[in-house]
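Trainee: Before anything else, here's the structure in question.
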């Protein structure tokens with residue numbers, strides 16, 4: 001019989017023992033107990049019992065990665081990607097939550113179209129999902145209502161054209177978009193007038209190496225400068241995506257120093273690649289805004305190390321190999337990346353450009369804070385049990401057989417990366433083990449705690 005002081009062993013549905021648990025503040029040895037879809041306990045958990053026990057053997061346990069910029073092409077372009085294949089690629093790479101962009105066909109610019117995407121994802125998405133609502137010059141009056149709808153992280157605005165038809169280029173319209181709502185506005189920042197002018201001057205038969213000259217650093221600088229001014233004028237938080245130039249960095253740093261509500265994203269592509277790679281990768285390296293010179297890449301790396309960027313985003317933007325084989329500039333911009341974002345960043349950890357703790361801070365915790373995601377991004381009791389078990393020091397070769405995207409290719413093919421996920425749980429359910437899917441798609445719509 002137990003005495004009054006005898007501890008009662010806790011029972012869980014799942015216990016993961018002997019893991020190196022990574023948080024934004026540090027890494028420590030311990031165990032995680034899960035009940036249902038939630039983390040119930042973190043620590044030594046002596047005497048705990050469970051329906052299932054996983055012995056981690058010193059592998060690292062991370063919160064599921066949150067990718068706040070993907071293009072899964074459904075509806076309208078399912079030959080490139082769809083919500084099932086894109087979310088499967090996310091899962092294989094350790095991404096357990098994604099925000100999908102509105103430049104599909106049709107664009108996600110009405111309440112019905114947002115609901116259509118949510119309906120399509122239900123029962124088909126392997127990981128958790130939310131869908132941006134697109135700003136357009138003809139839906140300004142709906143944006144304040146739209147950003148509060150269930151299933152959306154807010155509004156996405158293109159002030160420079162990219163894939164699809166969404167574009168808000170007039171300064172007055174940009175101002176009106178910012179005035180209609182209060183959640184952080186995610187923005188593709190390139191000045192459309194300059195892009196159009198330089199594209200019109202493009203010589204016939206130009207090589208894709210000209211892409212960063214056509215969509216030049218000045219187009220990004222001019223746009224970001226204006227957006228920071230309008231942020232100060234309107235008070236609207238802005239989140240500038242895929243920063244690609246050295247020129248934008250001091251402006252962003254100064255805006256933050258002054259306390260303006262400005263945040264920014266960096267992609268692995270802009271940290272990893274530089275312009276000499278157009279010679280071997282050709283149009284596979286073509287994206288908007290472009291991969292630029294080594295000077296820009298080095299400046300972005302230094303800014304990341306200095307803490308300028310808030311989050312990572314993959315800007316997963318797949319096109320088929322046949323589409324990418326078209327001659328520039330008829331070749332489409334964009335490359336797949338949701339499956340490789342975490343391994344690429346873990347490879348940067350190996351290169352000592354990044355710490356594991358900072359990776360978790362920028363890839364899990366900060367996205368949840370920035371967008372008000374409920375219950376995700378941390379290995380903490382009460383949070384969702386979205387968990388990734390891996391060895392960050394284990395190398396693997398990126399081969400076509402591993403890739404899950406419908407497009408069937410990656411700019412990282414043939415590269416040695418690190419940290420291929422070994423086991424992944426989505427809301428407490430094992431979804432991937434040793435590169436094999438387990439069960440059926442169980443992703444759920446993301447819930448938000450955000451009030452404008």
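The values are calculated or read from the model by the stated rules, or taken from the named source; none is laboratory data. Since this is a predicted model, take the numbers as computed values, not measurements. Heads up, the Cβs are rebuilt from the backbone with ideal geometry, glycines too, and the neighbour counts pull from every protein chain shown.
Trainee: Name every residue in segment 413-447 that is surrounded by 23 or more Cβ atoms within 10 Å (Cβ to Cβ) and part of a loop (DSSP other than H, G, I, E, B), in order of residue number.
Mentor: Once the filter is applied, which keeps residues that are surrounded by 23 or more Cβ atoms within 10 Å (Cβ to Cβ) and part of a loop (DSSP other than H, G, I, E, B), segment 413-447 yields 419, 421, 443, 446.
Trainee: OK, next. Looking at this structure, is residue 241 in contact with a strand residue (DSSP E or B) (Cβ under 6 Å, 6 or more places away or on another chain), in the same structural domain as residue 177 (by TED's automatic domain parsing), more than 21 Å from residue 359 (Cβ to Cβ) and touching a residue at least 60 places away in the same chain (Cβ under 8 Å)?
Mentor: In short, no.
Trainee: Being surrounded by fewer than 18 Cβ atoms within 10 Å (Cβ to Cβ) and in the same structural domain as residue 133 (by TED's automatic domain parsing) narrows it down to one of 181, 205, 160, 154, so name that one.
Mentor: Unique residue meeting the criteria: 205.
Trainee: Whether any residue in segment 370-390 is in a helix (DSSP H, G or I), within 28 Å of residue 150 (Cα to Cα) and modelled with pLDDT of 95 or more is what I want to check.
Mentor: Within segment 370-390 (the criterion being in a helix (DSSP H, G or I), within 28 Å of residue 150 (Cα to Cα) and modelled with pLDDT of 95 or more), the answer is yes, since at least one residue qualifies.
Trainee: Restricting to segment 326-347, what's the tally of residues that are in a helix (DSSP H, G or I) and crowded, with 23+ Cβ neighbours inside 10 Å?
Mentor: Within segment 326-347, residues that are in a helix (DSSP H, G or I) and crowded, with 23+ Cβ neighbours inside 10 Å number 6.
Trainee: Quick check on my filter: what residues within segment 125-138 are touching a helix residue (DSSP H, G or I) at 6+ places or on another chain (Cβ under 8 Å) and surrounded by fewer than 24 Cβ atoms within 10 Å (Cβ to Cβ)?
Mentor: 137
Trainee: Here's another thing I want to ask about it. Given the conditions (1) in a loop (DSSP other than H, G, I, E, B); (2) closer than 14 Å to residue 92 by Cβ; (3) outside the structural domain of residue 25 (by TED's automatic domain parsing), which single one is not true for residue 352?
Mentor: (2)
Trainee: When only residues in segment 146-174 that are in contact (Cβ under 8 Å) with a residue 12 or more places away in the chain and not in a loop (DSSP other than H, G, I, E, B) count, which is nearest to residue 330 (Cα to Cα)?
Mentor: Among those residues, the one meeting the criterion is 158.
Trainee: Also: Which of the residues spanning segment 288-316 are in a loop (DSSP other than H, G, I, E, B), in contact with a strand residue (DSSP E or B) (Cβ under 6 Å, 6 or more places away or on another chain) and over 20 Å from residue 414 (Cα atoms)?
Mentor: 309, 310, 313, 315 - these are the residues of segment 288-316 that are in a loop (DSSP other than H, G, I, E, B), in contact with a strand residue (DSSP E or B) (Cβ under 6 Å, 6 or more places away or on another chain) and over 20 Å from residue 414 (Cα atoms).
Trainee: Separate question: Considering each of 377, 363, 419 in turn, give the residue that is within 30 Å of residue 308 (Cβ to Cβ), assigned by TED's automatic domain parsing to the domain that holds residue 304 and in contact with a helix residue (DSSP H, G or I) (Cβ under 8 Å, 6 or more places away or on another chain).
Mentor: Going through 377, 363, 419 in turn, just one is within 30 Å of residue 308 (Cβ to Cβ), assigned by TED's automatic domain parsing to the domain that holds residue 304 and in contact with a helix residue (DSSP H, G or I) (Cβ under 8 Å, 6 or more places away or on another chain): 363.
Trainee: Got at least one residue in segment 326-344 being over 22 Å from residue 125 (Cβ atoms) and touching a strand residue (DSSP E or B) at 6+ places or on another chain (Cβ under 8 Å)?
Mentor: Scanning segment 326-344 turns up at least one residue that is over 22 Å from residue 125 (Cβ atoms) and touching a strand residue (DSSP E or B) at 6+ places or on another chain (Cβ under 8 Å).
Trainee: Mind checking which residues of segment 184-199 are assigned to a helix (DSSP H, G or I) and surrounded by 19 or more Cβ atoms within 10 Å (Cβ to Cβ)?
Mentor: Listed by number, the residues that qualify are 194, 195.
Trainee: Further question on the same structure: Can you tell me which residue within segment 200-217, out of those that are in a helix (DSSP H, G or I) and either within 25 Å of the chain's Cα centre (by Cα) or free of Cβ contacts under 8 Å to residues at least 24 places away in the same chain (or both), is nearest to residue 158 (Cα to Cα)?
Mentor: So the residue we want is 217.
Yes or no, residue by residue, for (1) farther than 30 Å from residue 148 by Cβ; (2) in contact with a helix residue (DSSP H, G or I) (Cβ under 7 Å, 6 or more places away or on another chain):
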residue: 314; (1), (2): no, yes
residue: 344; (1), (2): yes, yes
residue: 355; (1), (2): yes, yes
residue: 358; (1), (2): yes, no
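Trainee: Now for a separate question. Would you tally the residues in segment 68-87 being surrounded by fewer than 24 Cβ atoms within 10 Å (Cβ to Cβ) and assigned to a helix (DSSP H, G or I)?
Mentor: The total comes to 2.
Trainee: Further, regarding this structure: Looking at segment 251-268, which of its residues are touching a helix residue (DSSP H, G or I) at 6+ places or on another chain (Cβ under 9 Å) and part of a helix (DSSP H, G or I)?
Mentor: Scanning segment 251-268 gives 251, 252, 253, 254, 255, 268.
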